[in-house]
Every structure is written in C-alpha cells, then in structure tokens.
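Only one structure is covered here, and it is reproduced in the block below.
The values are calculated or read from the model by the stated rules, or taken from the named source; none is laboratory data. All figures in this text were calculated on a predicted structure; none of them were measured in a lab. Glycine also receives a Cβ, built like all others from the backbone with ideal geometry; neighbour counts cover every protein chain displayed. Please note that ligands, DNA and RNA were not included when accessible areas were found on the heavy atoms of the full protein model with its side chains. Shrake-Rupley method; radii C 1.70, N 1.55, O 1.52, S 1.80 Å.
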Amino acid sequence: MSTRRRLLPAPAAIAVMAAGLALGACGQPTSAPAPGAASEVGATTQEGSSVPAGPAGTDAPTATLGPTASPTASPSVALPTVATTKVGDLTLTASMARVLHGVSDVRGTRQRPGLQVEYTLVNGGRQSLTAYDLVPAQLGSGTLGDVDPEHAWVYAADGVVRLSKQAFDPAPNVRFAAPPVTGARPLPAGATLTGRAWAPWPPVLDVPGTTFTAPRGPLPTDAGSWQFCVQVTGGAEQVGPAPDAVGGRESPSTARARAPQGDELVCTDPVPLPTP
C-alpha cells in the first residue's frame, strides 16, 4: 500500500516553518566561551593585587586589575580594535573601543560611555618590572590617595589623542616638601598584569597641574587617531606600600613620580578614532 503525503498550502507551510524556527530559538544551543572570559587555570585576584599563579604546570605568576572581559558586539559597544606592541621582553596588548552607552560586560562590570581600553602587560624576561598604571586624579602629593584604576592622562602627541598611564617630572624650579608619588604595581619576571583605562568622549585634556612638566596643548579638533600608553620601569622604582587607596581592597604600591626615560613609555600604534 502506498502512502500519500499531503502537501500543505503555501500559507500553512510558512506557518509550520515559522513554528519550527521559534521552537529552535527556545532550545539549549551549546554556548561558546564569552569573549575575554578567564580560563579556569591560573588565578584571578581583586583589583590591584598580585598572586603567584599561572597556567597549569608553570610557576608564572599572574596579577589582575579587575575584570577584563572584552565588550561584545552590541549597539552600545563599538567593535574593539586590538593592538599589540613589544619592547624588549615586554608585550603590551590593548583592546580599544568606544562605549556608546553605559553597559555591563559579560562579567557584569559596568562600562561608562567613552573611550575604553582593556590591556595586558606580559613580562617575558627575567627582570622584575614596575608598571605605573594606577594614576591618581591629581599628581603632586607625597602620599597616594584615592585611585580610580581606570584613570589615564589624556593629551595630544604628534596629532594623536593619547590615553597614557604614566608619571611626569616636576616643572623647573618646583620643589616639593615630599617627593610626589604615583600608584604602581609590580610586574615580576614571567608575570602578567591586566587593567583598564577610560577617557570621556569627546576626549578632554587631562594632565597634572602646572607644577609638573606635561603636554598642555589643546587636543586637535581634526585628530583622526588615538593610542594607549603605559609607563613600565625597572623593579627598583617601587618604593613601598600605599595606604588603602582602592576602597578596602589590597592597595597598590607607590613609586616616586618621574617622567618615562628611554623606552619606558610603551605605546600601541595609533588606531582610528571612532566617528561621532
């Protein structure tokens, strides 16, 4: 006996297909790891802390500064541009994007509207280093006060808008009662540091006061690119622990404020500024 297959009229067939698609949307697809999500191996610490950890089977220590999951593609976050720079044994990788509206990333960390950078510093050498990447709101005090881990100086360099985590030299003929300090984190041999930087959009000049030598020219209105920089020096620059500067979490160290020398200011290549 033959079995006849009844053909549905075109509108009914479309309805069946739509129902099938809706059913598939309610299923449980296998989800890929979230972009930037941490691996289960190694260690994650609170902001500004460091612990000896690393990939399984190694002794490489890892230190983290808050969640570093990259923003996902959405109407609120432009697709990031990733740039990698290597200076000697140090590698800087930065993911730079414009956050259009206040959103939470895949780890629930709030992102402010503006220019957002998530970066990684890897010390592939045998010498301990220090990253000057915890920038106080104002430079000039002999003690480290409140620190926003995302604060970065904003100024122009060769027509490029620069977000930079660094210190500056005192201005000529300026003497401080106590040497001014900035926030720093140790970067031991074989270790990794991660962190974030932020600047408002449109960018606004943000440098220390006139008691320091810093670029003060207006940001170019026709600037077409921006870059991220961080000052990294030898381990001997670290001078000691700071008071509790990050709201109850493990505090950063203090380092005497001075301008980068030689190749101590590590910068990404410029990338296009996002269009308004």
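Computed quantities for the displayed model
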| read-out | value |
| --- | --- |
| Scan of the stretch 225-276 for residues that are modelled with pLDDT of 85 or more and either over 21 Å from L187 (Cβ atoms) or β-branched (V, I, T) (or both), ordered by number | S225, W226, V230, V232, T233, T254, V266, T268, D269, P270, V271, P272 |
| Selection count, the stretch 140-156, where residues are at pLDDT 95 or above, aliphatic (A, V, I, L, M) and open to solvent by 10 Å² or more (accessible area, probe 1.4 Å) | 1 |
| Every pair of residues 6+ apart whose Cβ atoms lie under 7 Å, when the first sits in the stretch 151-169 and is under 19 Å from T233 (Cα atoms) while the second is of a type in the set (K, R) and in a loop (DSSP other than H, G, I, E, B) | A167/R258; D169/R258 |
| Among (1) among the basic types (K, R); (2) more than 29 Å from H101 (Cα to Cα); (3) within 20 Å of the chain's Cα centre (by Cα) - the single one K165 does not satisfy | (2) |
| Checklist (1) over 24 Å from L90 (Cα atoms); (2) in contact (Cβ under 8 Å) with a residue 40 or more places away in the chain; (3) out of contact with any His (no Cβ under 9 Å at 6 or more places or on another chain); (4) open to solvent by 10 Å² or more (accessible area, probe 1.4 Å) applied to D206, failing item | (3) |
| Of all residues making up the stretch 108-129, the number that are of a type outside the set (A, V, I, L, M, F, W, C), modelled with pLDDT of 95 or more and open to solvent by less than 10 Å² (accessible area, probe 1.4 Å) | 2 |
| Filtered residues of the stretch 168-183 (kept if within 29 Å of the chain's Cα centre (by Cα) and open to solvent by 40 Å² or more (accessible area, probe 1.4 Å)) | D169, P170, P179 |
| Long-range neighbours under 6 Å by Cβ, at least six apart or interchain, first residue under 26 Å from T143 (Cβ atoms) and free of Cβ contacts under 8 Å to residues at least 40 places away in the same chain within the stretch 183-196, second outside any loop (DSSP other than H, G, I, E, B) and of a type in the set (K, R) | none |
